[in-house]
Amino acid sequence: MSKNRIKTYDRIIQESLKLFNEQGERSITTNHIAAHLGISPGNLYYHFRNKEEIVYQIFLMYREFINQRLAVPENREMTVDDLVNYLDTAFLAMWQFRFMFYDLPGMLARNPQMQSEYHQFVNTELKNILAEHFREFIRLGLLEMDEEDIEPVSINIWLVVKFWFAFEQTARPKAPITEESGHRGVLQVLALLKPYVQDQYMGSFRALCERHKV
């Protein structure tokens, strides 16, 4: 693959992500993307057969972002600061790939390839990552939680992240989705964790909540 093709390929993905975030995936066509980039539709189709292929590549970016940023460190023990990274990553993922959370069920229905890999990602990779983090936070003494509670609490957190922007759109139909919307989502996640935070860490936990208040 030539350097020029790689450059155009990456530009299509990056600018499509920007357009999808700003205007929603359903309202953007391949013609819109080509016009935005100043290239012909034929040039775009040389790289991607349709919009669903572009969306799928953005999903792969999202999956890599989550796996890299939330990987449990192998060369050191986790600390309380890792909870900050955990939540910051959740917020950044929500914001940088926010179009994916506007109408995720509809988008998956239109994209069978992404649907299959998305469910595999959520049910294996993401589920394991969340469980590992909880076990480490419990080991640190940051959280006190029974093993049987880890999975349901993890699922509740994922549900908040997954559907938060859809909730914001229905709760504030006339307000645009902003970074403040994401911060409110992180506060909901923190509310789920609060009952399990140990007393000695409650001051740090409240300070973390303050960081996301808008």
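Here are a few things to note about the model shown:
- Positions within region 191-209 being touching a helix residue (DSSP H, G or I) at 6+ places or on another chain (Cβ under 8 Å) and more than 15 Å from M145 (Cα to Cα), in sequence order: F205, L208, C209
- Top-ranked residue in region 83-113 [being charged (D, E, K, R), over 8 Å from the mean Cα position of the chain (by Cα) and farther than 24 Å from I138 by Cα; ranked as least open to solvent (accessible area, probe 1.4 Å)]: D103
- Note on region 15-28: among residues that are at pLDDT 95 or above and touching a helix residue (DSSP H, G or I) at 6+ places or on another chain (Cβ under 7 Å), the one that is farthest from E179 (Cα to Cα) is I28.
- Filtered by the rule that a residue be under 21 Å from Q96 (Cα atoms), aliphatic (A, V, I, L, M) and open to solvent by 20 Å² or more (accessible area, probe 1.4 Å), region 161-202 gives A166, A175, I177, L187.
- Residue in region 116-128 that is modelled with the lowest pLDDT, counting only those that are open to solvent by less than 20 Å² (accessible area, probe 1.4 Å) and not hydroxyl-bearing (S, T, Y): L126
- Residue in region 34-47 that is under 19 Å from the mean Cα position of the chain (by Cα) and either of a type in the set (D, E) or open to solvent by less than 10 Å² (accessible area, probe 1.4 Å) (or both) present: no
- Counting only helices (runs of 4 or more DSSP H) that sit completely within region 1-97, those holding 2 or more residues that are charged (D, E, K, R) correspond to 3-23, 51-69, 81-96.
- If you filter region 130-157 down to residues that are surrounded by 14 or more Cβ atoms within 10 Å (Cβ to Cβ) and among the small types (G, A, S), you find that the one that is farthest from V72 (Cα to Cα) is S154.
- For region 167-210, residues that are without any contact (Cβ under 8 Å) to a residue 12 or more places away in the chain and either under 27 Å from L140 (Cβ atoms) or in contact with a Leu (Cβ under 9 Å, 6 or more places away or on another chain) (or both) total 9.
The values are calculated or read from the model by the stated rules, or taken from the named source; none is laboratory data. Please read these numbers as outputs of a predicted model, since none were measured by experiment. Using ideal geometry, Cβ is built from the backbone for each residue, glycine included, and neighbour counts are taken over all protein chains shown. Remember, those area values only see protein heavy atoms, side chains included, never the ligands or the DNA or RNA. Shrake-Rupley method; radii C 1.70, N 1.55, O 1.52, S 1.80 Å.
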